[in-house]
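Scroll down for the structure; my scribbles are underneath it.
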Amino acid sequence: MRALQLGVAMVMFTGASALALHYQAAAQTPAQPDTTAITPAMVDLGRAIFHGQGTCFACHGEKLEGSQIAPTLMPHAWRDAKKGEFAAIYYVATHGVPSTLMVPYPGGITSAQAMAVASYVWSVSRGKVKP
């Protein structure tokens, strides 16, 4: 019985180690956002984070119209998130914009939350959903 328990523990350890190595490798390779994977639930979550914990609305406006301190996130000539591409929007949310008030991970959001916010902003900017 002891040998069986030891064997099970070794298999679990090996599996956990492999999983940890996978996540470590994934962490070193930036996530590549995919617009085909955007779901209505992801957009709704992004909307909630944009208007809540992320505090994005404070600078970009309730309807993403922009303000004197932050640009609109509606269709426009994008300055920092080049061409309004999904990956560029995600990058700005996770890296901020130097010499501006745009900080990385605003409101202390996670990478997954930043992905949801990028989904929301991208979808609104493409006219796929309303702000």
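Here are a few things to note about the model shown:
- Members of segment 95-129 that are part of a helix (DSSP H, G or I) and farther than 19 Å from His51 by Cβ: His95, Ser111
- Residue count, segment 40-64 (criterion: in a loop (DSSP other than H, G, I, E, B) and either open to solvent by less than 60 Å² (accessible area, probe 1.4 Å) or touching a residue at least 60 places away in the same chain (Cβ under 8 Å) (or both)): 9
- Taking segment 22-45 as the range and being modelled with pLDDT under 70 and of a type in the set (A, V, I, L, M, F, W, C) as the test, the residues that pass are Ala25, Ala26, Ala27, Ala31.
- Scope segment 78-131; condition among the aliphatic types (A, V, I, L, M), open to solvent by less than 40 Å² (accessible area, probe 1.4 Å) and under 12 Å from Cys56 (Cβ atoms); matching residues: Ile89, Val92, Ala93, Ile109, Ala114, Ala116, Val117, Ala118, Val121, Val124
The values are calculated or read from the model by the stated rules, or taken from the named source; none is laboratory data. Quantities reported herein were computed from a predicted structural model and do not represent experimental measurements. With ideal geometry, Cβ positions are generated from the backbone for all residues, glycine too; neighbour counts draw on all protein chains shown. Areas reflect the complete protein model, heavy atoms only, side chains present, ligands, DNA and RNA absent. Shrake-Rupley method; radii C 1.70, N 1.55, O 1.52, S 1.80 Å.
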